[in-house]
Amino acid sequence: MEMNEYLEVFIEESKEHIQSLNDQLLILEKEPTNMDTVSEIFRSAHTLKGMSATMGYQDLANLTHKMENVLDAVRNHKLVITSDILDVVLDAVDQLEAMVVDIASGGDGTRDVESLVAQLNAIETGEHQEVDKSSKTSSKPVKNNDSSFEKLDQFEWAILQQSEEKGFQNQEIHIRLNENCLLKAARVYMVFEVLEQVGEVIKANPSVQELEEENFELDFTVLLVTKESADDVKKRILKVSEIEDVSINLFELGVSDDVSEKVDEGQDKATEVTATAEKTAKKPNNGVINNKTIRVNIDRLDALMNLFEELVIDRGRLEQISANLKHGELQETVERMTRISGDLQNIILNMRMVPIEQVFNRFPRMVRQLTKDLGKQVNLEIVGAETELDRTVIDEIGDPLVHLIRNALDHGVETPNEREAKGKPAEGKLLLNAFHSGNHVFIEISDDGAGISREKIVKKAISNGVITQEQANTLSDKQVFQLIMASGFSTAETISDISGRGVGLDVVKNTIESLGGNITIESEFGKGSVFSIQLPLTLSIISVLLIEVEKEKYAIPLSSIIETAIVSKSDILNAHNKKVIDFRGKVVPLISLKEVFDVPGEQVEEEFYSIVIIRKGDKMAGLIVDTFIGQQEVVLKSLGDYLKDVFAISGATILGDGQVALIVDTNSLIK
């Protein structure tokens, strides 16, 4: 059996467990006594350890094991979590993530973590010594002669007793593997995964560590707290392949004077575990049996999308042929095919949609570290993480958001002393909000910090030669704020490692505009700022207006178009040696696509001009074209590496008649 069969699943599930560790550890920092959170953290670490050991990534398994020991001490009330301890555990999580990334890129996941292991050992050893002096948690025998478990400590005894009182079953499950089983540890891991879906595993014989190291023959036994019937549990276990036999008996505690003196810790632990089992029992469709989702390699979705894009091109060709022939039955068939392929298009696009949570997940850790580095107090709130975007957009939006958040923390939110001096709470607020509106997704990064100083920006812009004093007097606040995204613009008095080192926000702006989006800024001095990003839902299939210049066809994205117009020659004015028109009270410059793309043909003075009014943020321009052809959905195709730097062209598409139409990058035409 090849391990490569499981590698892809291992990598994806490891990433999920690491993200869960990050999220839950941050919750634990705010609620250090929340035992439900501790249990979630321990479960993720334990599962990750088992997976790593099974796959043969020993460094990953060993580091997780050390981290698990610290978490187990917290879980058993032998260690109280502090910010310093959490720093070490989070460092361990970072190293785990780096190992998984290395494995995903073809490496062996090895990493020098001796220093980190030593720190984890020191935390575990120091706390255990301190507790051992006063603790009374020695193992106590339980009288149950027929059981595989000769001894139970007070924690385990209290858990089992309280589970009985709350109506749970304590099941002793004996499992025998098939004699031909090749990867015993892998089968044990899969059995534990099934059991954790229906309840809480209390103990194993042999121990979990021995099972993971395959230090057993073919049989093992576990104690499970559950509300599921023995028959149901048995059916679930037998779904795992290479299981020879499963037998389940109710575990009876018996009577013992030794265990009647239950300590408070045992009772607390029992409450925690039975509460976890209660949650598991209430989960709808829990377990692997009723799961209605599957993992699909993204390359397969990309291949499906490419095939459908070809279908869209042929669909357009069929529609054109049908219109030309005017054959009744052919037209009906093509119309039906158009409707069906349209539904198929929506399904495929939805399959490619992923929640923006995948990007947002990295920010709580980042904000925690940056606020510590800056000596600030900031509460990060995330809203709309379930909002979905096409994967191609998700892949590109992460870095701009990181830059904007760093900028808000560094330049926006003040230090606690500065805030209190202004009558504000010492803790600042940073809101990350995502939501759908029409065919776009909006992402807002807002803070209640110092806001943006108009005077400071104007002064810097004038000194940099970006604007003149006369121009500054005519600009609105919104227009002034947009200046901070000019190339190389920065109002920082000193260059810092936190936000950009003087680079400014022009990189953010360029990336967002390359995705067909735009960014706007609103701010009130002394009260805070809002950076709002507008993005298209998808970049693969877009709606365009087809136009013609001489005999060449071009496609202009509808998301950039305000409207089309027919303008009389007499309405065209000249300003600063440029042609302009008065469009709804605004002076809009005209751009001839024939001149921009150097289309061959004679220059002829027309009586009327066909104009496409386009927009980029607050700026507008009018594109002069020869003919409007009409609206159409087209497939965006790259021009390849050799033609990627062609001015004002973002790609191409194949039309229904087989012709190639270039897609105009309207953002490049407006300055």
**Complete:** The residue from Val441, Val413 that alone is touching a helix residue (DSSP H, G or I) at 6+ places or on another chain (Cβ under 9 Å) and without any contact (Cβ under 8 Å) to a residue 40 or more places away in the chain is Val413
**Asked** Regarding Asn69, is this residue under 23 Å from Phe363 (Cβ atoms), surrounded by fewer than 23 Cβ atoms within 10 Å (Cβ to Cβ) and outside the structural domain of Cys181 (by TED's automatic domain parsing)?
**Response** no
**Request:** Identify the single condition in (1) in contact (Cβ under 8 Å) with a residue 24 or more places away in the chain; (2) part of a helix (DSSP H, G or I) that Glu16 does not satisfy, given that it satisfies every other one.
**Result:** (1)
**Message:** Taking the condition of being crowded, with 19+ Cβ neighbours inside 10 Å and over 24 Å from the mean Cα position of the chain (by Cα), how many residues in the stretch 86-116 meet it?
**Reply:** 2
**Request:** Being assigned to a strand (DSSP E or B) and under 27 Å from Val588 (Cα atoms) is the filter; apply it to the stretch 652-671 and report the residue that is farthest from the chain's Cα centre (by Cα).
**Result:** Ala661
**Item:** Failed condition for Val367, given (1) in the same structural domain as Asn306 (by TED's automatic domain parsing); (2) touching a strand residue (DSSP E or B) at 6+ places or on another chain (Cβ under 8 Å)
**Value:** (1)
**Item:** Gln24, sole failed condition from (1) within 17 Å of Asp91 (Cα to Cα); (2) of a type in the set (S, T, N, Q); (3) at pLDDT below 90
**Value:** (3)
**Message:** It is to be established whether one or more residues within the stretch 535-542 are within 26 Å of Phe435 (Cβ to Cβ), in contact with a Pro (Cβ under 9 Å, 6 or more places away or on another chain) and either crowded, with 16+ Cβ neighbours inside 10 Å or not assigned by TED's automatic domain parsing to the domain that holds Phe628 (or both).
**Reply:** yes
**Message:** Checking Ile348 against (1) closer than 30 Å to Ile27 by Cβ; (2) surrounded by 14 or more Cβ atoms within 10 Å (Cβ to Cβ): exactly one of these is not met. Which one?
**Reply:** (1)
**Message:** Among the residues of the stretch 200-220, are any more than 17 Å from Glu242 (Cβ to Cβ), surrounded by fewer than 20 Cβ atoms within 10 Å (Cβ to Cβ), in contact (Cβ under 8 Å) with a residue 40 or more places away in the chain and in contact with a His (Cβ under 6 Å, 6 or more places away or on another chain)?
**Reply:** no
**Asked** Do we have any residue at all in the stretch 117-135 that's farther than 23 Å from Val208 by Cα, of a type in the set (A, V, I, L, M, F, W, C), within 31 Å of the chain's Cα centre (by Cα) and modelled with pLDDT of 85 or more?
**Response** no
**Request:** For residues that are among the polar types (S, T, N, Q) and under 24 Å from Asp231 (Cβ atoms), scanning just the stretch 158-199, find the one that is surrounded by the fewest Cβ atoms within 10 Å (Cβ to Cβ).
**Result:** Asn178
**Fill in**
Contact list, first residue from the stretch 600-615 and over 30 Å from Thr520 (Cα atoms), second anywhere and of a type outside the set (Ser, Thr, Tyr) and part of a loop (DSSP other than H, G, I, E, B), beta-carbon distance below 6 Å, six or more apart or interchain, is Gly601/Glu550
**Asked** If the Cβ limit is 6 Å and pairs must be 6+ apart or interchain, which residue in the stretch 557-579 that is within 16 Å of Pro589 (Cβ to Cβ) pairs with which residue that is assigned to a helix (DSSP H, G or I)?
**Response** Ser560/Thr666
**Item:** Number of the exception - Arg339 against (1) under 38 Å from the mean Cα position of the chain (by Cα); (2) surrounded by 12 or more Cβ atoms within 10 Å (Cβ to Cβ); (3) under 22 Å from Gly658 (Cα atoms)
**Value:** (2)
**Prompt:** Quick one: is Val530 outside the structural domain of Lys422 (by TED's automatic domain parsing), in a strand (DSSP E or B), at pLDDT 90 or above and out of contact with any helix residue (DSSP H, G or I) (no Cβ under 9 Å at 6 or more places or on another chain)?
**Reply:** no
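The values are calculated or read from the model by the stated rules, or taken from the named source; none is laboratory data. Not measured: the values here are computed from a predicted model. Glycine gets a Cβ as well: all are built from the backbone with ideal geometry, and neighbour counts include every protein chain shown.
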